[in-house]
Amino acid sequence: MLIIAGGATLLSISGLIGSLAIKSPGQAAADRSSVPPSTLTTTVEKDVLQSTVTIRGRVLSMKSVPVRPAFPSSGASAIVTGLPHGVGSAVSSGDVVAQVSGRPVILLSGDTPAYRDMLPGGRGDDIRQLQSALAAIGYLPVAAADGVFGFQTKTALAALYRDRGFEAATTANTDSAGPDPLQAANDELVAAQRRLAQHQLALDAAPADSARAEIVQQIEFDAEDIARATEKRRSVEETTGVRLPLGEVIFIPGGQGVVSTVSASIGDDLASTETVLLTIDIGNLAVYSTVPPGSHSAISPGQTVTISDDVHRLSASGEVTELKPFAKGADSAATSAGDSANTPDGYPMTVTPVEPLDPSWSGRAVRVTVITAATPAPVLIVPTAAIRSTSRGETVVIVVRGGRRVEIAVTTGASDEGRLEVRPRTDGTLAEGDKVVTG
């Protein structure tokens with residue numbers, strides 16, 4: 001534990017002196033004589049003296065999104081037919097992340113989960129989110145994100161599916177019984193147009209004005225029928241055609257993530273819409289660990305952390321962002337982030353990297369070194385074994401110079417695990433690189 005004089009805890013000089021031999025004048029003179037060959041020395045260092053606590057942790061996403069199956073509208077069994085991405089794969093907006101019974105599950109960017117089938121003519125914020133996601137990957141003009149599922153949205157969705165090797169679902173292939181409404185509206189319009197054409201031919205062939213007047217009246221009726229049929233077809237077109245089934249899309253914030261788990265296999269018959277196919281980690285990665293009792297008192301949010309991946313020989317800087325009260329393993333930070341295996345009792349701690357970690361770090365076990373205290377600037381450091389006390393009550397170190405030993409009076413400061421800060425009482429008498437006697 002780092003002890004900083006003048007800070008939270010003062011270094012006990014009396015305790016240190018009590019563990020050292022007090023030199024007699026004769027012995028002190030001997031110490032200034034030539035250096036015996038057996039003398040042990042070490043080099044004075046100059047560095048920031050810091051105290052650390054090292055614990056193990058795991059890199060996990062700060063949020064995960066489960067991908068659930070898209071059940072066929074016919075009610076047939078939902079069979080897993082495609083899992084194109086393995087654990088560790090990066091996925092982004094527009095990717096097909098799974099297939100169920102031949103139908104895709106497409107990832108798109110959005111903050112709000114899908115909660116209904118999106119149908120032509122529909123309106124709402126979820127429609128606007130869909131349109132914005134399509135615009136972000138180039139399938140729709142940004143200005144078309146008006147919250148109304150119209151012709152441009154249908155065209156964009158059809159292209160999205162086609163580019164991924166699928167046909168978009170339509171209102172014609174739902175479970176609803178009866179003829180296709182759009183086809184019926186088209187048939188009605190065509191019939192009215194044919195009646196008009198027939199009456200126009202009859203008008204040209206009419207022999208008398210009286211007969212022509214009746215046909216002209218019928219042509220006017222035909223024109224009205226055509227106008228009504230045209231409006232009806234327009235209305236039906238707005239509410240039919242390409243649709244987006246609830247189970248065929250998953251929205252995730254930012255539109256990108258990393259596959260962290262794959263729970264299903266090709267050929268699985270999924271039991272319910274609660275079955276999770278895979279999990280996608282989104283957002284930045286963080287390190288979750290549990291601080292053992294006895295070490296937690298030295299740790300607090302804001303402290304600097306070094307995150308070390310010893311297997312891949314990588315390291316990153318971080319900061320303690322949360323230290324929770326004592327918890328059993330099942331309630332720890334790592335467990336809440338999805339890593340429940342072998343989690344010890346202790347104080348759950350979250351470390352946020354200073355710079356976002358590469359997605360490849362996800363799931364790795366790492367070493368977390370927390371700097372619990374440090375001197376504000378580099379200081380001269382010697383081992384505690386180099387400290388001596390004279391009969392005059394002075395604290396000194398013995399420096400070897402020119403083959404002789406020289407006493408240098410010092411004051412002491414911070415200490416940590418056998419290393420001690422020293423300051424010469426006379427400026428310039430002790431410097432980095434000097435050799436001090438340790439035994």
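When the Cα atoms of the stretch 84-235 are aligned to their principal axes, the ranges along those axes come out at 85, 33, 24 Å in descending order.
Note on T43/N284: beta-carbon distance plugged into 1/(1 + (r/R0)^6) with R0 of 60 Å gives a FRET efficiency of 0.90.
Mind listing which trypsin sites (Lys or Arg not before Pro) in the stretch 174-233 are in a DSSP loop and have 10 or fewer other Cβ atoms within 10 Å?
Sparse-neighbourhood loop trypsin sites (Lys or Arg not before Pro): none present.
Positive end of the dipole of the stretch 280-439 (Cβ unit charges, origin at the Cα centre): among T321, T411, G439, the Cα lying farthest that way belongs to G439.
Multiplying each eigenvalue of the alpha-carbon gyration tensor of the stretch 187-300 by 5 and taking the square root yields semi-axes of 74, 17, 9 Å, largest first, rounded to whole angstroms.
Convex hull volume of the Cα atoms of the stretch 243-327, normalised per residue: 207 Å³.
For H296, H312, what's the largest-to-smallest order of accessible area, 1.4 Å probe?
Descending order: H312, H296.
Here K328 is the anchor, and the lysines within straight C-alpha reach of less than 23 Å, apart from those fewer than 8 places off in the same chain, are K63.
Between T438 and F326, the modelled labels are 3.8 nm apart [label points 7 Å from Cα along Cα→Cβ].
Of all aspartates and glutamates in the structure, the ones whose alpha carbon falls short of 20 Å from that of K324, not counting any fewer than 8 places away in one chain, are D339, D345. The charge dipole of the stretch 74-164, taken about its Cα centre with unit charges on the Cβ atoms of Lys, Arg (+1), Asp and Glu (-1) only, comes to about 220 debye. Annotation: E220 carries an accessible surface of approximately 90 Å², with a 1.4 Å probe and no ligand, DNA or RNA atoms counted. Here the simple spin-label model places points 7 Å from the Cα toward Cβ, and for D310 and R404 these points are separated by 4.9 nm. Shape analysis of the stretch 40-138 yields a ratio of the Cα radius of gyration to the Kirkwood radius, Rg/Rh, of 1.33.
The values are calculated or read from the model by the stated rules, or taken from the named source; none is laboratory data. The structure presented is a predicted model; accordingly, all values stated were derived computationally and were not measured. Cβ: placed from backbone, ideal geometry, glycine included. Neighbour counts: every protein chain shown. Areas reflect the complete protein model, heavy atoms only, side chains present, ligands, DNA and RNA absent. Shrake-Rupley method; radii C 1.70, N 1.55, O 1.52, S 1.80 Å.
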